[in-house]
Amino acid sequence: MKALKDRILRDGKCFEGGILKVDNFINHQMDPILMKSMAVEFVRRFASTKINKVLTVEASGIAPAIMVGYLLELPVVFAKKKKPSTMDNMLITTVYSFTKNNNYDVCVSRDYLQPGDKVLFIDDFLANGNAAKGIIDLVNQAGAELVGMGFLIEKSFQHGGDFLRGQGIHVESLAIIESLDNCNIKIKD
Ligand code: 5GP
């Protein structure tokens, strides 16, 4: 998606270890106009997919997910990174964080992820695919169906996308970063 690619080239910043910072328009300050355009693009790309629920992970997936849910007029559920003390009936999985180099639990209530749900997962980044694998586990535990995964930015050199597509999952990424070598941002045409 051209507007996103242009913005990454203009405002994205590279960090050691293959990390791209987009704090200027996605991860800290947010650009709602771009966010809306990206959601419109997801709606277009998943137009032939039957969806009844949008799922994401807190915190940075919530903004794009709520935009998609708003446009599709569907509920949006965000998986939580800390198990709430007042909630039982939770589905839990463990995810390895590449950016933080630790494991964390991700959970969602069985009340909001149910057998028969047709789930579109939306997140900001796809890197090694660990968060996505956790989501697949939660959707499977719930007996729901994962009908697609949409990412604002995929870093193809970390191969999470290869894994997900290899599983037959419909993956859509609005910008694909091929390399961040020498802090040079190379985006797929
Ligand atoms: P994965 O689980 O696919 O390895 O990484 C996905 C998660 O890690 C995303 O939800 C995102 O929060 C974070 N992440 C991975 N790579 C980057 C990056 O280059 N920049 C930022 N801002 N977050 C990243």
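The values are calculated or read from the model by the stated rules, or taken from the named source; none is laboratory data. Please read all numbers here as calculations on a predicted model, not as lab measurements. Note that we place each Cβ from the backbone using ideal geometry, even for glycine, and neighbour counts take in every protein chain shown. Ligands, DNA and RNA are stripped out before the accessible areas are found, and what is left, the full protein with its side chains, is counted by its heavy atoms. Shrake-Rupley method; radii C 1.70, N 1.55, O 1.52, S 1.80 Å.
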Tally Lys/Arg at +1 and Asp/Glu at -1 over every other residue whose Cβ is under 14 Å from the Cβ of Ile66; what's the total? -2
What is the angle, in °, between the Cα long axis of helix 2-11 and the longest principal axis of the Cα atoms in the chain? Nearest 10 is fine, range 0 to 90. 70 degrees
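Grab the other residues whose beta carbon is less than 12 angstrom from that of Asp189, score K and R as +1, D and E as -1, and report the net. Could the numbers behind the result be given before it?
Details: positive: Lys2, Lys5, Lys186, Lys188; negative: Glu178.
Result for the neighbourhood of Asp189: +3.
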Enumerate the lysines that Lys155 could reach by cross-link, defined here as Cα to Cα under 23 Å, with residues fewer than 8 away along the same chain left out. Lys2, Lys5, Lys13, Lys21, Lys36, Lys81, Lys100, Lys133, Lys186, Lys188
Lone cysteines, the chain (no partner Cβ under 4.7 Å): Cys107
Placing +1 on the Cβ of each Lys and Arg and -1 on the Cβ of each Asp and Glu in region 1-92, which of Phe46, Phe78, Met1 has its Cα farthest towards the positive end of the resulting dipole? Phe46
Crossing angle, helix 32-45 versus the chain [Cα axis fit, 0-90 degrees, rounded to tens]: 70 degrees
Near the amide H of Gly61, under 5 Å away, which other amide H atoms are found, from residues 5 or more places off or on another chain, if H is placed in the peptide plane? Asp124
Would you mind getting the Kirkwood hydrodynamic radius of region 34-139 from its Cα pairs, rounded to one decimal in Å? 14.2 Å
Whole-Hz ³J(HN,Hα) for each residue in region 143-160, computed from phi via Karplus 6.51 cos²θ - 1.76 cosθ + 1.60 with θ = phi - 60°, x for glycine and proline: what do you get? x, 8, 10, 8, 9, x, 9, x, 10, 5, 10, 10, 9, 5, 6, 9, 6, x
Computed, not fitted: 222 nm per-residue ellipticity of the chain from DSSP H runs ≥ 4 (each -39500 (n - 2.57)), nearest 500, equal to -9000 deg cm²/dmol
Roughly what would the spin-label model give for Leu71 and Asp11, points 7 Å off Cα along C-beta, in nm? 1.8 nm
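Report in % the part of the accessible area of region 27-131 that belongs to carbon and sulfur, leaving out ligands and nucleic acids; probe 1.4 Å.
On region 27-131, the fraction of accessible area on carbon and sulfur atoms equals 52 percent.
What are the semi-axes of the equivalent ellipsoid for the chain, taken as the square roots of 5 times the Cα gyration tensor eigenvalues, largest first, in whole Å? Show your work: numbers first, answer last.
Details: eigenvalues 133, 70, 48 Å².
One finds semi-axes of 26, 19, 15 Å for the chain.
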Between region 89-109 and region 162-183, what's the alpha-carbon centroid distance in Å? 21 Å
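Can you give me the convex hull volume of the Cα atoms of region 90-163, divided per residue and expressed in Å³? Walk me through the numbers before you get to the answer.
On the way: hull volume 5.9 nm³, N = 74.
It is 80 Å³ per residue.
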Using a simple spin-label model with points 7 Å from Cα along the Cα→Cβ vector, what separation in nm is obtained for Phe163 and Asp88? 3.3 nm
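Taking the DSSP beta bridges in region 90-161 as the whole, what percent of them are antiparallel, to the nearest 5? Write down the numbers at each step before the final one.
On the way: 8 of 16 bridges.
Antiparallel bridges make up about 50 percent of those DSSP assigns within region 90-161.
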Per 10 Å bin, what is the whole-percent P(r) computed from every C-alpha pair distance within region 1-69? 18, 47, 29, 6
According to the Cα gyration tensor, what semi-axes, each the square root of 5 times an eigenvalue, does the equivalent ellipsoid of region 40-96 have, listed from largest to smallest in whole Å? 25, 12, 11
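With a 1.4 Å probe and all protein chains left in place, how much accessible area per residue does the chain have, in Å²?
On the way: 9690 Å² over 189 residues.
Accessible area per residue: 51 Å².
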Kindly provide the trypsin sites (Lys or Arg not before Pro) of region 32-77 that DSSP labels as loop, not H, G, I, E or B, and whose Cβ sees at most 13 other Cβ atoms within 10 Å. Lys50
Where the Cα pairs of region 150-189 fall when distances are cut into 5 Å bins, in %: 6, 25, 29, 25, 10, 5, 1
What GluC sites (Glu not before Pro) does region 1-89 have in DSSP loop regions with at most 11 other beta carbons within 10 Å? Glu16, Glu73
